[in-house]
Amino acid sequence: FAELVLETWDLQCERNGREHRTAEMGCRQLVVRRGQPFTITLRFSGRAYEEGVDKLAFNVETGPCPVETSGTRSHFAVTDFPEESGWSAVIQQQDGDSLSVSLCSPPSARIGRYSLTLEMSTGYQGASCHIGDFVLLFNAWHPEDTVFLRDEDERCEYVLSQQGLIYQGTRDYITSTPWNFGQFEEDILSICLKLLDTNPKFLRDQDQDCSRRNDPVYIGRVVSAMVNCNDEDRGVLAGRWDNHYEDGMSPMAWIGSVDILKRWKKFGCQPVKYGQCWVFAAVACTVMRCLGVPSRVVTNYNSAHDTNGNLVIDRYLSELGVEDRRSRDMIWNFHCWVESWMARPDLADGYDGWQALDPTPQEKSEGVFCCGPAPVRAIREGDLQLKYDIPFVFAEVNADVVYWVVQRDGSQKKSIHSSVVGKNISTKSVGKDSREDITHTYKYPEGSEKEREVFAKAEHETRSLREEDEGLHLKIKLTEGANNGCDFDVLAVINNNADVERVCRLMLCARTAGYNGTVGPQCGMKDLLNVTLAPREDKCVPLRVLYEKYRESLTQDNLIKVVALLTEYQTGDVIVAVRDVYIQNPEIKIRILGEPMQNRKLVAEISLVNPLAEPLSNGLFVVEGAGLTDGQQIKELEEPVEPQAEVKVRLDFVPHQAGLRKLMVDFESDKLTGVKGYRNVIIAPQP
């Protein structure tokens with residue numbers, strides 16, 4: 001028999017992409033999911049393949065130093081039936097001189113970029129031919145993959161959806177901001193693989209790192225560390241919280257991960273400036289979804305940052321309600337992290353499912369700024385000794401806050417009030433734009449028997465719930481929404497629940513604030529030395545906060561922290577109430593003109609009214625949407641937007657993907673920043 005000669009081959013990128021749900025990554029490279037067969041076609045010249053005469057085998061290799069013992073190299077023959085374990089290749093059909101072969105990886109294969117070589121032999125003659133590269137991803141559709149997720153709607157949301165909503169604002173005023181995850185956009189997959197190859201564990205021991213890439217726990221830990229740059233590890237984002245972002249992008253300005261990841265690659269893996277918690281979490285979510293791990297961004301309101309691990313956050317206030325920074329412990333208005341879905345074969349049974357991963361650099365774990373994966377179930381059960389970093393996340397949702405009022409003579413008085421952390425833990429619902437509250441997955445109901453058991457196990461003092469019916473009560477209420485550019489009122493509501501008269505001093509103080517708990521200058525104050533409450537009387541004391549007072553110092557987080565201190569003269573007891581007021585930005589209106597169809601031009605009309613009493617200069621709109629726009633479109637305004645005036649722009653784009661998409665818009669200017677809007681658009685497939 002003459003030697004078998006391979007003439008051409010076809011990796012069938014498009015067909016395999018459809019079957020493996022990776023078609024949106026483009027058809028220029030083969031991207032498949034582990035444990036699921038993919039088909040390639042071989043065409044021979046001179047003569048056809050003959051079974052029994054010709055032997056065919058494949059070689060797959062990943063990483064810089066592939067070896068069989070590490071699972072980074074595999075050699076397997078073409079047979080008539082698939083192998084039980086390991087890689088396999090099976091002849092599907094023969095049609096003249098062309099041969100269809102189905103290849104399949106084990107569901108525990110290492111993920112990453114592979115090279116594929118065909119070896120042909122007839123008798124003593126042999127030849128080998130490199131027939132291309134392919135990328136192997138985790139497979140949430142395969143029951144034996146450690147990231148297997150049973151529900152199809154959840155797989156669509158947590159692996160395939162390229163857009164989402166991230167919750168921000170305050171626990172009393174939850175806002176959502178749109179985000180373009182864009183994990184299938186051009187070049188993002190290769191950037192995610194580059195991120196794995198830039199991580200210090202890879203640079204230290206390439207073989208060991210590649211051999212561990214079959215484990216989503218390992219990958220999650222690497223991604224959590226690589227999204228921040230605090231370890232001098234060429235991480236993706238630099239964090240900054242001080243409101244000085246002139247030498248980079250303000251964290252509030254981003255509307256998606258694609259721009260960030262592309263900048264990181266373009267500038268030689270230099271950290272991109274700047275990120276805050278939701279940006280770190282969203283970029284990590286993009287990388288994990290891109291690699292095939294089901295992931296979502298979650299937001300915890302009143303999130304504790306407990307630096308000394310005692311589950312108590314001490315805050316110090318002067319008698320005027322001014323915060324004194326003597327503790328590194330902080331309460332963040334909200335804090336975002338990622339949850340990724342995976343099995344935990346490294347732990348005892350019962351900890352599979354959602355795992356918390358926090359890429360925001362806060363505390364070191366095993367010497368590196370990363371956090372997780374921490375099984376959410378272990379956080380709820382108070383199993384603090386399990387891997388990884390459970391005490392830190394447990395504190396974020398369970399610590400107690402104690403306010404100490406520092407008197408003039410330096411003595412400290414403990415406030416009766418204990419504000420509670422870990423509220424309204426939120427994520428986007430599956431398949432719709434509403435909020436899902438997942439607090440119950442992190443903690444048992446407050447005051448329940450189960451909560452007491454968990455706290456005992458975690459050596460955490462149970463909160464002393466004092467009798468609600470006696471003594472004084474203090475609450476801060478907002479009369480109506482607070483809009484940027486306007487004055488607004490807050491009310492201190494005092495209840496005297498006793499049968500005796502009380503005489504008190506009430507201090508009300510408003511200050512601009514950052515979402516991570518830092519406060520700026522005062523923008524409203526009231527000090528009433530003589531508030532008399534008759535038995536069982538309720539009183540409302542208003543404080544008006546003026547735009548002219550807060551406008552200069554309002555941070556891009558749009559927050560004002562109102563603190564009320566009520567001191568009862570007779571007992572000397574002090575009650576503290578705190579409320580974070582979110583200053584609402586104007587609405588961005590988006591109209592779609594024309595019939596939305598794949599590969600046909602569409603026009604978006606975008607408008608916004610300037611709510612401020614001063615003109616907005618250097619205004620610009622940034623528009624992007626996975627499958628809709630080709631990257632970002634920026635429209636700069638030629639002239640200032642006058643007070644109360646409406647600005648309107650038109651942008652055209654050609655959607656290249658069908659289905660439900662989100663068009664995201666961000667508005668920036670000198671006086672109004674990080675204004676977000678989005679519009680859902682259903683794109684009809686090309687006829």
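The values are calculated or read from the model by the stated rules, or taken from the named source; none is laboratory data. Predicted, not measured: the structure shown is a model, and the values here were computed from it. Here the Cβ positions follow ideal geometry from the backbone for every residue, glycine too, while neighbour counts run over all protein chains shown. Ligands, DNA and RNA are excluded from the accessible area calculation, which covers all protein heavy atoms including side chains. Shrake-Rupley method; radii C 1.70, N 1.55, O 1.52, S 1.80 Å.
Each row is one residue, and each column tells you yes or no for (1) open to solvent by 80 Å² or more (accessible area, probe 1.4 Å); (2) in the same structural domain as residue 550 (by the TED database); (3) within 21 Å of residue 246 (Cα to Cα).
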position: 625; (1), (2), (3): no, no, no
position: 639; (1), (2), (3): yes, no, no
position: 655; (1), (2), (3): no, no, no
position: 670; (1), (2), (3): no, no, yes
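Evaluating residue 135 against the criteria (1) under 36 Å from the mean Cα position of the chain (by Cα); (2) assigned to a loop (DSSP other than H, G, I, E, B) leaves one unmet condition, (2). Taking (1) in a loop (DSSP other than H, G, I, E, B); (2) under 19 Å from residue 24 (Cβ atoms) in turn, residue 664 satisfies each apart from (1).
Looking at this structure, is residue 138 open to solvent by less than 20 Å² (accessible area, probe 1.4 Å), aromatic (Phe, Trp, Tyr) and in contact (Cβ under 8 Å) with a residue 12 or more places away in the chain? Criteria met by residue 138. Which of the residues that make up region 56-114 are outside any loop (DSSP other than H, G, I, E, B) and of a type in the set (A, V, I, L, M)? Residues satisfying the conditions are 56, 57, 60, 77, 78, 89, 90, 91, 99, 101, 103.
Yes or no: residue 187 of a type outside the set (S, T, N, Q), at positive phi and touching a residue at least 24 places away in the same chain (Cβ under 8 Å)? Criteria met by residue 187. Determine, yes or no, whether residue 173 is of a type outside the set (Gly, Ala, Ser) and within 30 Å of residue 2 (Cα to Cα). In short, no.
Within the bounds of region 325-332, is there any residue that is among the aromatic types (Phe, Trp, Tyr), surrounded by 20 or more Cβ atoms within 10 Å (Cβ to Cβ) and closer than 26 Å to residue 217 by Cβ? Scanning region 325-332, I find no residue that is among the aromatic types (Phe, Trp, Tyr), surrounded by 20 or more Cβ atoms within 10 Å (Cβ to Cβ) and closer than 26 Å to residue 217 by Cβ, so the answer is no.
Where helices (runs of 4 or more DSSP H) sit wholly within region 175-220, those with at least 1 residues that are over 20 Å from the mean Cα position of the chain (by Cα) and among the hydrophobic types (A, V, I, L, M, F, W, C) occupy 200-204, 206-211. Residues that are in a strand (DSSP E or B) and open to solvent by 50 Å² or more (accessible area, probe 1.4 Å) were ranked within region 121-132; the one that is nearest to residue 28 (Cα to Cα) is 130.
Within the span defined as region 516-535, one or more residues are of a type outside the set (Val, Ile, Thr), part of a loop (DSSP other than H, G, I, E, B), under 22 Å from residue 323 (Cβ atoms) and open to solvent by less than 10 Å² (accessible area, probe 1.4 Å). Within region 413-451, restricting attention to residues that are at pLDDT below 85 and of a type outside the set (Gly, Ala, Ser), the residue that is most open to solvent (accessible area, probe 1.4 Å) is 414. If you go through region 7-40 and pick out every residue that is open to solvent by 30 Å² or more (accessible area, probe 1.4 Å) and assigned to a strand (DSSP E or B), you end up with 4.
Before we move on, is residue 611 part of a loop (DSSP other than H, G, I, E, B) and in contact with a Leu (Cβ under 7 Å, 6 or more places away or on another chain)? No.
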